[in-house]
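Asks: Next up is a structure, given as structure tokens.
The values are calculated or read from the model by the stated rules, or taken from the named source; none is laboratory data. Please read all numbers here as calculations on a predicted model, not as lab measurements. Every residue, glycine as well, gets a Cβ built from its backbone with ideal geometry; the counts of neighbours run over all protein chains shown. Heavy atoms of the whole protein, side chains included, go into the accessibility calculation; ligands, DNA and RNA do not. Shrake-Rupley method; radii C 1.70, N 1.55, O 1.52, S 1.80 Å.
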Amino acid sequence: MISVVVLISGSGSNLLTLLQKSENPLYPAKIVAVGSDKDAPGLEHAELYEVDTFVVNPEKSASKEKWAETLLANVLHHQPDLVVLAGFMKILPANFVRALKGKLINIHPSLLPDFKGAHAVRDALAAGSAKTGVTIHYVDEGVDTGEIIVQSEVMIEQGDTELSLHERIKKTEHELLASTIEQLAYKQLPATRP
Ligand code: GAR
């Protein structure tokens, strides 16, 4: 059984799937805490499942590095084996990333290296792509550049809006994130590091 801290900034639908999965005693990962950079709606899922939460707002810190230090202290307090960025929309500075090297993964709504950044779904639609998808990757010091663990394609349909496409991508994300964490817990994936 591995201990997982999840960081979110938004609605937390990926988090909710993980909380539901970890209710099953056969699922090999337990969510021990959920953190955010703000009072994100998704924190309610954690509260419902009686999982510890913490909020570390960058606007209340003297610098980005100081904010990351405090965020890191909150994460490490829970002694996680794995830290999952599930819709965490702040870029984490090097001091945070280095301290969690090999233990920090991110889910991103595109087939990286295509459409990095905060508007991946919108950008895929604007580019007129026929398909996009989901990437789960280790986090390094760049933005969406870390070593890819797994990807899954999602076709873009005629008439898709950013909302409809993102909803479909999220369905793929939920399954892929849960199964990837399961495989990492069983160490079925190569133990390569960013
Ligand atoms: C997810 O689609 C995730 O891939 C994306 O934010 C969404 C969070 O949804 N992350 C990024 O765009 C990171 N660059 P959720 O809060 O419903 O899980």
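Asks: Any residue in segment 148-169 that is within 13 Å of the ligand (Cβ to nearest atom), in contact with a Leu (Cβ under 6 Å, 6 or more places away or on another chain) and of a type in the set (Ser, Thr, Tyr)?
Replies: yes
Asks: Moving on to the next point. Just for segment 90-114: of the residues that are open to solvent by 50 Å² or more (accessible area, probe 1.4 Å) and hydrophobic (A, V, I, L, M, F, W, C), which one is farthest from the ligand (Cβ to nearest atom)? Talk me through it step by step, then tell me what you get.
Replies: Filtering segment 90-114 for residues open to solvent by 50 Å² or more (accessible area, probe 1.4 Å) gives 90-91, 95, 98-99, 101, 103, 113-114.
Filter once more, keeping what is hydrophobic (A, V, I, L, M, F, W, C): 91, 99.
Details: Ile91: 9, Ala99: 20 Å.
The qualifying residue farthest from the ligand (Cβ to nearest atom) is Ala99.
Asks: Look through segment 115-137, keep the residues that are farther than 20 Å from His174 by Cβ and away from the ligand (no atom under 13 Å from the Cβ), and return whichever of them is nearest to the chain's Cα centre (by Cα).
Replies: It comes out as Leu125.
Asks: For Ala46, are the conditions met, namely being within 16 Å of the ligand (Cβ to nearest atom), more than 11 Å from the chain's Cα centre (by Cα), modelled with pLDDT of 95 or more and assigned to a loop (DSSP other than H, G, I, E, B)?
Replies: Against the criterion (within 16 Å of the ligand (Cβ to nearest atom), more than 11 Å from the chain's Cα centre (by Cα), modelled with pLDDT of 95 or more and assigned to a loop (DSSP other than H, G, I, E, B)), Ala46 does not qualify.
Asks: Follow-up. If you scan segment 4-16, which residues turn out to be closer than 26 Å to Lys66 by Cβ and surrounded by fewer than 17 Cβ atoms within 10 Å (Cβ to Cβ)?
Replies: Residue satisfying the conditions is Gly10 alone.
Asks: Also, quick follow-up: Among the residues of segment 141-159, what is the count of those that are farther than 12 Å from His108 by Cα and surrounded by 18 or more Cβ atoms within 10 Å (Cβ to Cβ)?
Replies: Qualifying residue count, segment 141-159: 2.
Asks: Is there any pair linking a residue in segment 1-23 that is more than 14 Å from Pro41 (Cβ to Cβ) to one that is among the basic types (Lys, Arg), with Cβ under 7 Å and at least six apart or on different chains, and which?
Replies: Going by the 7 Å Cβ cut-off, the qualifying pairs are Met1/Lys30; Ser3/Lys30; Val4/Lys30; Ser22/Lys30.
Asks: Same structure again: Residue by residue through segment 49-79, note down the ones that are in a loop (DSSP other than H, G, I, E, B), without any contact (Cβ under 8 Å) to a residue 12 or more places away in the chain and open to solvent by 40 Å² or more (accessible area, probe 1.4 Å). Quick ask: steps written out before the conclusion?
Replies: So the first thing to find is which residues in segment 49-79 are in a loop (DSSP other than H, G, I, E, B), and the list is 49-51, 56-57, 61-63, 78-79.
Applying the additional criterion that residues be without any contact (Cβ under 8 Å) to a residue 12 or more places away in the chain yields 50, 61-63.
Listed by number, the residues that qualify are Glu50, Ala62, Ser63.
Conditions tested, residue by residue: (1) under 24 Å from Lys171 (Cα atoms); (2) touching a strand residue (DSSP E or B) at 6+ places or on another chain (Cβ under 9 Å).
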{"site": "Gln20", "(1), (2)": "yes, no"}
{"site": "Ser36", "(1), (2)": "yes, yes"}
{"site": "Ala68", "(1), (2)": "no, no"}
{"site": "Leu72", "(1), (2)": "no, no"}
{"site": "Pro80", "(1), (2)": "no, yes"}
{"site": "Gly87", "(1), (2)": "yes, yes"}
{"site": "Arg98", "(1), (2)": "no, no"}
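Asks: Another question, then. Out of everything in segment 10-27 that is near the ligand (Cβ under 7 Å from one of its atoms) and part of a loop (DSSP other than H, G, I, E, B), what residue ends up being nearest to Leu177 (Cα to Cα)?
Replies: If we take residues in segment 10-27 being near the ligand (Cβ under 7 Å from one of its atoms) and part of a loop (DSSP other than H, G, I, E, B), then Gly12 is nearest to Leu177 (Cα to Cα).
Asks: Restricting attention to segment 17-45, report how many residues are touching a Gly at 6+ places or on another chain (Cβ under 8 Å) and surrounded by 19 or more Cβ atoms within 10 Å (Cβ to Cβ).
Replies: Result for segment 17-45: 6.
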